Amino acid sequence: MTAGVLRCPCGGTLRAWGHARNRTVRGLDQVRQVRPDRVRCRSCQGTHVVLAAGLLPHRGYGLDVIGAALLGAARGHGHRVLATRLTVPVEAVRCWLRRARANSEVLRRPGVQTVVAVDPELLPTRASPTRSGDALAALAATALAVVRRFGGYERDLWPCTVPKLDSGC
Ligand SMILES: [Zn+2]
């Protein structure tokens, strides 16, 4: 349960407010049903759905699948190859890559800010050939910094879970 830990965008505290609808999420290794928590703000009375770290809003695929596609693209693989490797429709992969490119700065900036705040030693020192690559490097550094500072397992970070893309594509 996340109530009392997270804050509403208005700054108010959140309390448990039941659950959101069930949804099916496809990961690299499994398809699962999830039922996220719903919380309500004590200040503005707004309700929010709280997703686990491996889930993305409005996506039927887990972060491991979408992250693998983004990482593969940053390494130079095309959307058709990635779709085949991940057994995902080509249009879905193309959409993820377009959105990531369009929002690369929105992804990169908070990543860099978090790394600087948590462990500046982990800040990427080399620029990637693409802005999406820079964003992924910043997010990967953020995840590593947060796990090292606050706990967790480095092996669970998604860039470490996609060796399938490194071999042969
Ligand atoms: Zn609020």
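Every number here is computed from the coordinates shown, using simple stated rules; none is lab data. Being a predicted model, the structure only gives us computed values, none of them experimental. All Cβ positions, even for glycine, are placed from backbone atoms using ideal geometry, and neighbour counts span all protein chains on display.
For Y61, what charge total do you get from the other residues with a beta carbon under 12 Å from its beta carbon, if Lys and Arg give +1 and Asp and Glu give -1?
+3
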- Note on the structure: Taking placed amide H atoms and a strict 5 Å upper bound, the residues 5 or more places from W17 or on another chain that come that close are R38, V39, R40
- Item | Sites matching chymotrypsin sites (Phe, Trp or Tyr not before Pro) across the stretch 95-160 that sit in DSSP coil, with at most 12 neighbouring C-beta atoms within 10 Å | Y153
- Enumerate the calculated ³J(HN,Hα) couplings along the stretch 94-111 in order (Karplus 6.51 cos²θ - 1.76 cosθ + 1.60, θ = phi - 60°), each rounded to whole Hz, writing x wherever the residue is Gly or Pro. 4, 5, 4, 5, 4, 5, 5, 5, 5, 10, 4, 5, 5, 7, 5, 4, x, x
- Compute the relative contact order of the chain as a whole-number percentage, counting only Cα pairs closer than 8 Å that sit 6 or more residues apart in sequence. 15 percent
- Tell me the trypsin sites (Lys or Arg not before Pro) within the stretch 122-157 that lie in a loop according to DSSP and have at most 12 other beta-carbon atoms within 10 Å. R126
- Query: GNM, the chain, Cα, under 10 Å: largest mean-square fluctuation among S128, S104, S43?
  - Reply: S43
